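Accompanying notes for the structure given below.
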Amino acid sequence: MLFSILFNYSIDDYINDPDDEPCSLDLHPVGVTTKTYIYSIICAFGLMGNALIMITYMFYKRTKTMTDVYLFNVAVADLIFVVALPFIIYNEQYSWLMGPVACKILGSAYSINLYSSMLLLACISGDRYVAIVQARRSFGARSRAMIYSRLICSAVWGFAVALTLPTLIYTKRYDEPVLGAQNVTVMCHLHFTEDDTAKVMKVLLPSLQMAIGFLLPLIMMVLCYSSIMCTLQRAQSSQRHKAIRVVLAVVVVFIVCHLPYNVALLNHTLDLFKQRSCQAEKMKLRVLAISRSIAYLHCCLNPVLYAFVGVKFRSHFRQIMVDLWCFSKKYIYSARSSHGTSDFCVSGLKSSDGSNNMSSFSA
């Protein structure tokens, strides 16, 4: 994970202990256990929610709009991170047994998730603005723009990979001496051989995260959703208030999840090359760890905010549950009855020509 890797180093030339004692910044065992439980919860709910979105788009609902394409790619980005989380937890507890390649890949998982998902959420807000605020002027243009949605997503992924390259290159598995002991511990952090490179990267990487992974999407969302809310306020629709609540929820959840971490990250980055006490550094790292966990929650909330609040998506979700129940019963009872459960199970899976078998799934 990008910035647990960036800041959890145990020796820092700028940390000064008043009593001239060695300063260990290693997490307390209770903190390690708590972090493991939190990350496990994030992994479980994030895996379930984002997998359901991908299953829905692949088997139950065709991607008919630009937002559909963006949502599918957001789910892919979030799924990359939540799948990496269990391996990160395992390797942190067992000295990175999976080796240096796994260290680099897992260390870069959050970075590529951050940039791709945040930029895609900005794209969704822009598409919603065009669809609602500029609805009359953009109808024909939107039907043609669907052709380019996959190109936009490809560009976002390429940009995210490019921004992740420094993390991939400099993340290394290495031995770190344990303070006050003769043995060493295996670490997977950003590791630099030159001081100048270390100083540049320790400022550049958090600056990129704050600018591209937070400020740019935030500005885009605030501008677009403000215009959308003004348009909805003027609309004479029974669904107006519900739509406004959804818009507010999207913006508020984004700010609540990501603002604390980015403020803590900015504060820590500004103090990186200043003299500071051991206790102050421990407190900052603790705040970073807590706020980072809150930021990770966003990958669990994206499916709820952007997909399952819609009536059609909830219908798809219910049909997935019905199909899973039918298939499991058919498998269990196939040996007992030649009919199985096929007499009363109706699947909502798309047929071979791409159409849905249930009328409620039609757009």
Please give the contour-minus-distance gain from L165 to V203: 0.36 nm per residue of separation, less the Cα-Cα distance, rounded to one decimal in nm. 12.1 nm
Computed label-point distance, nm, for sites V32 and D175 using a 7 Å Cα→Cβ extension: 1.9
Over 30 Å between Cα atoms, which of K35/K172; K35/K61; K35/K330; K199/K282 qualify? K35/K61; K35/K330
The exposure ranking of T67, T36, T171, fewest beta-carbon neighbours within 10 Å first, is T36, T67, T171
Sorted largest first, the C-alpha extents of the range 215-326 along its principal axes in whole angstrom are 58, 45, 18
Listing I53, I42 by rising number of other beta-carbon atoms within 10 angstrom, fewest first, gives I42, I53
Starting from 0.36 nm per residue, how many nanometres of slack lie between T185 and F59 once their C-alpha separation is accounted for? 40.7 nm
Quick one: K282, K61, K274, fewest Cβ neighbours within 10 Å first, how do they rank? K274, K282, K61
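None of the figures in this text is laboratory data; all of them are computed from the coordinates on show. What you see is a predicted model, and the numbers here were worked out from it, not measured in a lab. We place every Cβ from the backbone using ideal geometry, glycine too, and count neighbours over all the protein chains shown.
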